[in-house]
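Report on one structure; see the data block that follows.
Every number in this text was worked out from the coordinates using simple rules, so none of it is lab data. Remember, predicted model here, so these are calculated numbers, not experimental data. Positions of Cβ are generated from backbone atoms using ideal geometry, with glycine treated the same way; all protein chains shown enter the neighbour counts.
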Amino acid sequence: MYKRQGHDCALELMQRPQRPTALFCFNDRMAMGAYDALRKLGLSIPDDVAVVGFDNQEIVAAQLYPALTTMQLPHYQMGRWAIDELLRLIGQGGPTAEPPVQHKMPCPLIERNSV
């Protein structure tokens with residue numbers, strides 16, 4: 001699904017009169033679809049268009065040609081924080097009317113060859 005959406009969105013963007021020189025994709029699977037669309041249009045990555053993904057699914061990102069630059073999601077830390085927050089809420093007797101908690105985690109850039 002995401003691959004097809006990335007393909008279709010990239011085709012649409014690249015047919016605008018002022019086409020972008022870079023695409024930042026919602027996730028690596030969408031970036032994979034964007035790669036397909038850019039190749040279909042005869043465009044070179046990264047010479048004509050830079051592409052960046054998000055989540056660092058290594059089975060996708062590192063295997064694309066050129067290898068995809070992407071943002072690394074800290075999956076383990078995200079799960080750990082979610083469990084800690086759930087245990088905190090349970091310790092307080094369950095969910096309360098307090099506003100949702102926002103917690104920012106670093107998502108380092110994994111530089112490869114698509115930019």
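The C-alpha atoms of the chain define a longest principal axis, and helix 28-40 lies at about 10 degrees to it.
How do Cys9, Cys25 rank when sorted from fewest to most other Cβ atoms within 10 Å of their own Cβ? Ranked by crowding around the Cβ, least crowded first: Cys9, Cys25. Taking the C-alpha atoms only, the angle from helix 75-91 to the longest principal axis of the chain is near 20 degrees.
About the centre of its Cα atoms, segment 15-115 shows a dipole size close to 240 debye [charges on the beta carbon of Lys, Arg (+1) and Asp, Glu (-1) only; nearest 20 debye]. Placing pseudo-labels 7 Å out from each Cα toward the beta carbon at Glu58 and Gln5 gives an inter-label distance of 2.6 nm. Short-range pairs are left out: with C-alpha atoms under 8 Å and at least six residues apart, the relative contact order of the chain is 26 percent. Of all DSSP beta bridges confined to the chain, the antiparallel ones make up roughly 20%. With a Förster radius of 25 Å applied to the C-beta separation of Ala82 and Asp47, the computed FRET efficiency comes to 0.05.
Taking a sphere under 12 Å around the Cβ of Met78 and counting the other residues whose Cβ falls inside, with K and R at +1 and D and E at -1, yields a net charge of -1. In terms of surrounding Cβ atoms within a 10 Å radius of their Cβ, Ile110, Ile59 rank from fewest to most as Ile59, Ile110. Counting every pair of alpha carbons in the chain, the share spaced more than 16 Å apart comes to 63 percent.
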